[in-house]
Amino acid sequence: MGNRLTWALIGVLLLLLAGWGVQWFFANHEQRSREIVEGMSPLAKRNPLLAAERFLNGIGLDAESISGRDRLLTPPAEPGLLLVYRLGVSLPPEREQVLLGWVRQGGHLLITPQEAWDDEAQSSGNNLLDALGVHPQFVDPQSVNPEPSDDTPPADQPADDRTLATGDKPAPVLFELPATGERMGVAFSDRRLLFDSQGRADWTIETEAGAHLLQYRLGQGRITVIGGLEIFANAAIGEQDHALLLARLVGQQRRAWLLYSSDMPPLPQLLWRLAPGLVISLAALGLLLVWSLARRSGPVITPGQVVRRNLMEHLAAVSRYLWRTDQAAVTFGQSQAALEQAWRQRHPVLATLEQGERCQWIAQHAGLSPQAVERALYGGYQGEQAFIQVTAVQQRLAARLHIQEKTRG
């Protein structure tokens, strides 16, 4: 009974302690929500039209953002909106005609110029814009902001990107859509203005300074030239009526291709941008390889003196080789026949003598014993050492014969 009362008291104390702890926690803490901005994702940094792609997908269009010139060189098989964020250099004439043929069949090409009109060259740097009669005029950024701050982007950065980076956003331009009369405001770039030199544009959005948008009908399709497509970039598409303008430009099209880069960067630049770790690793590996090839392994070998062998050592080496390769018998017989024939040709008297007399005669003239001469010319051998000895006698007979030839010669 006493134990139960003790455990009950302990349980009550634990409950009171837990209740006090919960009360203390809520009395000294409060719940708050905070919004933490992490900045753009790596994908959004690479693709300035990522937000536009997702917006178009959200309103039911099949949109795709692409990098490269493939869609310019080979247009899609079906009509749609082809937005080129950076137009780049002129297409080859045959590829340009294919692109214009796609527009005539119902496609909509949306582009922006990259270079201003050059009065001396009478060109804007792109044949397509020249054919339309579009004369782009760029306002010098230094005249707009003559005293650049430390945060001013580099001068080689495109003017539309510099406008977004510095936060110097132009005032919105109010206009009406020609078909519906819908009013909207868009902050077009005030540093890029367009002039329709031939007066062929079917729709223009312009101010006193110049035009911001020129649209041309071509067959069943359209070509729209905008001073700067930065209004559709990630940082600006959510402002003013930029997204609405993009949707109206798409119109009744069901597909959209957004080319955020129509230029192919050099391979080293592409590798450094996509895989800097790989480039650094390969460079370090190359340096280590060159360093390893420059080092020697082991001590330096001193050049040794070439020791010439005497005749007997050479004969012994040749004999051992012939013996190991089972060529001793054949070579020995050939040497005997050739050597005897040579002595007979040099000394015809040997042809009239018997074998024993012939050996004695040769022995007297060669300084050898008759037994050694007979074994060298007519005998055999038993074992490797005997073969070496007989071969040495044959060499001495050949050398003696050679000396006689030189003496008589």
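The values are calculated or read from the model by the stated rules, or taken from the named source; none is laboratory data. Model, not experiment: these values are computed from the prediction. Cβ placement follows ideal geometry from the backbone for every residue including glycine, while neighbour counts extend to all protein chains displayed.
One table, with the values for the structure above:
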| quantity | calculated |
| --- | --- |
| Close pairs from region 373-392: first buried (at least 18 other Cβ atoms within 10 Å of the Cβ), partner outside any helix (DSSP H, G or I) and not aliphatic (A, V, I, L, M), Cβ under 6 Å, at least 6 apart | PHE387/TYR381; VAL390/TYR381 |
| Lone qualifier among LEU14, LEU56 - being surrounded by fewer than 13 Cβ atoms within 10 Å (Cβ to Cβ) and assigned to a helix (DSSP H, G or I) | LEU14 |
| Which listed residue, of THR6, THR74, is within 30 Å of the chain's Cα centre (by Cα), on the phi < 0 side of the Ramachandran plot, surrounded by fewer than 17 Cβ atoms within 10 Å (Cβ to Cβ) and not hydrophobic (A, V, I, L, M, F, W, C) | THR74 |
| Which listed residue, of ILE10, ILE36, is of a type outside the set (Gly, Ala, Ser), modelled with pLDDT of 85 or more and over 30 Å from LEU128 (Cα atoms) | ILE10 |
| Residues of region 109-123 that turn out to be surrounded by 21 or more Cβ atoms within 10 Å (Cβ to Cβ) and of a type in the set (Ser, Thr, Tyr), as a count | 1 |
| Criterion violated by ASP168 - all others in (1) of a type in the set (D, E, K, R); (2) at pLDDT 90 or above; (3) under 24 Å from ARG86 (Cβ atoms) satisfied | (2) |
| Meets criteria (farther than 26 Å from ALA243 by Cα and either surrounded by fewer than 17 Cβ atoms within 10 Å (Cβ to Cβ) or touching a Gly at 6+ places or on another chain (Cβ under 9 Å) (or both)) for VAL103 | no |
| Condition met for ARG54 (assigned by TED's automatic domain parsing to the domain that holds ALA236, among the basic types (Lys, Arg) and at pLDDT 85 or above) | yes |
| Subset tally (residues that are surrounded by 13 or more Cβ atoms within 10 Å (Cβ to Cβ) and without any contact (Cβ under 8 Å) to a residue 40 or more places away in the chain) for region 393-409 | 3 |
| Residue ranges of helices (runs of 4 or more DSSP H) in region 60-160 with at least 3 members modelled with pLDDT of 85 or more | 93-104, 127-132 |
| Given (1) over 27 Å from GLU64 (Cβ atoms); (2) touching a residue at least 60 places away in the same chain (Cβ under 8 Å), number of the condition GLY227 does not satisfy | (1) |
